[in-house]
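Below: one structure, written as structure tokens.
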């Protein structure tokens, strides 16, 4: 296994990556950006949320850096939601919802670490959706839950029916 070279956080913060990368423990982490099914579901979720932004008072973002802690840790959820009003900054702090769309390469341990980082950063709700197995799960400080049906909700965004999005 090749040795990893630490990257100073200042370098990460002033560098644009394509695709975007995460920063944890001084290392850059690749994100699995998926394929057709991943991209289609990500766009569908963003469309549903985007149609509610003005009515419900939030803004939805796709693949933006989110500050995870003072360690420093920066994660990049597939989609996140931040209530208005909020400060407009290049890096979001404490969104109200982080959404991860699984890719075939994603591993359970890595996803659990991301969920833990999001919750530790004060993000109250995390959704994980799998377009390949057609599953939807919600995480919060009480644990990880599979909802009845495929409907996930938060007080801010309301209900999202993933059965319809998986069609």
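Between residue 112 and residue 17, the C-beta separation translates, for a Förster distance of 25 Å, into a calculated FRET efficiency of about 0.60. Here the spin labels are modelled as points 7 Å beyond Cα on the Cα-Cβ line, and at residue 151 and residue 43 they lie 2.8 nm apart. For the chain, the longest principal axis of the alpha carbon atoms and the long axis of helix 108-120 meet at an angle near 90°. Each stretch of four or more DSSP H residues adds -39500 (n - 2.57); spread over every residue of the chain, this sum gives -7000 deg cm²/dmol at 222 nm. When only Cα pairs below 8 angstrom with a gap of at least 6 residues are kept, the stretch 32-166 shows a relative contact order of 21 percent.
Projected onto their three principal axes, the Cα atoms of the chain cover extents of 44, 38, 31 Å, largest first. Shown is the FRET efficiency for residue 29 and residue 119, computed with R0 = 22 Å from the Cβ-Cβ distance and rounded to the nearest 0.05: 0.75.
With neighbours defined as other Cβ atoms within 10 Å of a residue's Cβ, the residues 105, 18 order from fewest to most as 18, 105. For the stretch 45-118, the convex hull spanned by the alpha carbon atoms encloses 93 Å³ per residue. Computed from Cα positions, the angle between helix 36-50 and the longest principal axis of the chain comes to roughly 70 degrees. Listed by Cβ neighbour count within 10 Å, with the fewest neighbours leading, 107, 73, 52 appear as 107, 52, 73.
Neighbour counting of Cβ atoms within 10 Å sorts the residues 45, 123, 88, 144, fewest neighbours leading, into 88, 144, 45, 123. Between the beta carbons of residue 86 and residue 133, assuming R0 = 35 Å, the FRET efficiency works out to 0.55 to the nearest 0.05.
We did not get these values from a lab; they are worked out from the coordinates using the rules stated. Here the structure is a predicted model, which means the values were calculated and not measured. Glycine also receives a Cβ, built like all others from the backbone with ideal geometry; neighbour counts cover every protein chain displayed.
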